[in-house]
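Every number here is computed from the coordinates shown, using simple stated rules; none is lab data. Since this is a predicted model, take the numbers as computed values, not measurements. We place every Cβ from the backbone using ideal geometry, glycine too, and count neighbours over all the protein chains shown.
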Amino acid sequence: MKNKLITITALTASALLLCGCANKDVSAEIKIPILDGNANGSYTTAEAQRYELAEYSTIGAEVAYPYAEGIYAPADTNILSYNVKKGDVLQKGDVIAVFDSSGLDYDYQNQKILTDSALARYQSSGSALAKAEYEIEAKKLELVQYKIDCYTIRAPYDCVVWDSKFWDAGTAMEAGTQICTIADRSEVYVVVKGSNDAFALGRKVGLKFGTNSEFSGRVVMMPDSRAKGGINGVVIALDEGELERANEEAGSIVSAGWASVVVKTFNDPNALCVPDKSVLTYSGSTYCYLDDNGNRVRVPVEAGHSSGGLTVILSGLTDGDVVSY
């Protein structure tokens, strides 16, 4: 049989990052002598080589404040004024809404009379008993005033209005009705809804916000089916300084509301690979044909991950072995 010369090129795939090891240029042509397997046929050959293999998936997500907290109506009453909308930035103490507290007017006036009377008795007698009675009535008045103050809803800290409806003055509300949600402005996260096997707690990911730039982040929370009322999704925090950089390059990422998460789903920095077509299976056995001094020898192998035209060989071959197919 005569030797034939066939030129093969390294396989490439858009989904793979392939880096040849041992100083080999995988983009160059590799010339390997091919031996006829029989009188009527010839075979393509390839050399088992080391590559850095990586696969990535791009997953849609939203930019959100997953730890936002609700603001609620304090009682069955009407809303008198509502001063905010989604996206508003508030300082601690800014008024969010005012509710009708007239239902407490009688309680306040009655308690004010009792408190003033107790004060007058104390000022007249100066006794310890009269002083104690006055202090009790004064505390009751403070409690009524506190209840009235609760009908004016103020920002409890510097925050942003994350979600809100438009409420007309005079709208009747039941106690506990949510009127809006607020969040700490620094608690911006990227959230992938539901569960996803591509993620793990602490895993680094890439983030894109509508530009060519990629920003870095890390998974800080995974969905927990045991938790009631928890966040139903994968929560990703931007690395230090990345939120500011993203807002500079992409505008307000919160206003845009969406992101793309680039996550590495497979990585082997030193994978021994052969072309997919050289890995055969028959009757439950996996094997390759090895070129052994001009003979095609069937060699059992253990195959691993396969992608982009390459299959990782876990055992059965070594670096430089020439397979034919």
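As a proxy for reagent exposure, 189, 108 were ordered by neighbouring Cβ count within 10 angstrom, fewest first; the result is 108, 189.
Count the lysine pairs in segment 172-325 that are 8 or more places apart or on different chains: how many have C-alpha atoms under 20 angstrom apart? The result is 6. Remark on residue 154: its backbone amide H falls under 5 Å from those of 96, a criterion applied only to residues 5 or more positions apart or on other chains, H modelled at 1.01 Å from N. Note on residue 197 and residue 177: the extension gain reaches 3.5 nm, defined as 0.36 nm multiplied by sequence separation minus the Cα-Cα distance. The amide H of residue 180, built 1.01 Å from its N in the peptide plane, has 71 as neighbours under 5 Å, considering only residues 5 or more places off or on other chains.
With contacts taken as Cα pairs under 8 Å and at least 6 residues apart, segment 71-183 reaches a relative contact order of 51 percent. Cα centroids of segment 101-116 and segment 254-325: 82 Å apart.
Using the Cβ-Cβ distance between residue 247 and residue 92 with R0 set to 25 Å, the FRET efficiency works out to roughly 0.65.
Quick check: net charge around residue 201, other residues with Cβ under 11 Å of its Cβ, Lys/Arg +1 and Asp/Glu -1?
Counting the neighbours of residue 201, the net charge comes to +1.
Derived scalar couplings between HN and Hα for segment 168-184 equal 6, 4, x, 5, 7, 9, 8, 4, x, 5, 6, 9, 6, 10, 10, 8, 5 Hz in order, rounded to whole Hz, by the Karplus curve 6.51 cos²θ - 1.76 cosθ + 1.60 (θ = phi - 60°), x for Gly and Pro. Per residue of the chain, the DSSP helices (runs of n ≥ 4 H) give a summed -39500 (n - 2.57) that works out to -5500 deg cm²/dmol at 222 nm. Close Lys pairs in segment 71-183 (alpha-carbon distance under 27 Å; sequence gap of 8 or more, or different chains): 15. In a simple Cβ point-charge model (Lys, Arg +1; Asp, Glu -1; nothing else charged), the chain has a dipole of about 660 debye relative to its Cα centre. Within the shell of other residues whose beta carbon sits under 15 angstrom from the beta carbon of residue 299, the net charge comes to -4, with Lys and Arg scored +1 and Asp and Glu -1. Proximity of backbone amide H atoms, modeled 1.01 Å from N, is registered between residue 304 and 312, 313, 314 at under 5 Å, excluding neighbours fewer than 5 places apart on the same chain. For trypsin sites (Lys or Arg not before Pro), the sites in segment 46-108 that DSSP calls loop and that have at most 11 other Cβ atoms within 10 Å are 85, 92.
Projecting the Cα atoms of 101, 120, 60 onto the dipole axis of the chain, where Lys and Arg carry +1 and Asp and Glu carry -1 at the beta carbon, places 60 farthest toward the positive end.
Each residue of segment 46-63 is assigned a 3J(HN,Hα), and the resulting list reads 8, 9, 5, 10, 8, 9, 8, 9, 8, 10, 10, 10, 10, 10, x, 8, 10, 8 Hz, derived from the Karplus form 6.51 cos²θ - 1.76 cosθ + 1.60 (θ = phi - 60°), x at Gly and Pro. Each semi-axis of the equivalent ellipsoid for segment 71-183 is √(5λ) with λ an eigenvalue of the Cα gyration tensor; in descending order they amount to 38, 15, 9 Å. Its alpha carbons considered, the chain gives a radius of gyration followed by a Dmax of 35.6, 128 Å. Multiplying the residue separation of residue 78 and residue 129 by 0.36 nm and removing their Cα-Cα distance gives an extension gain of 14.2 nm.
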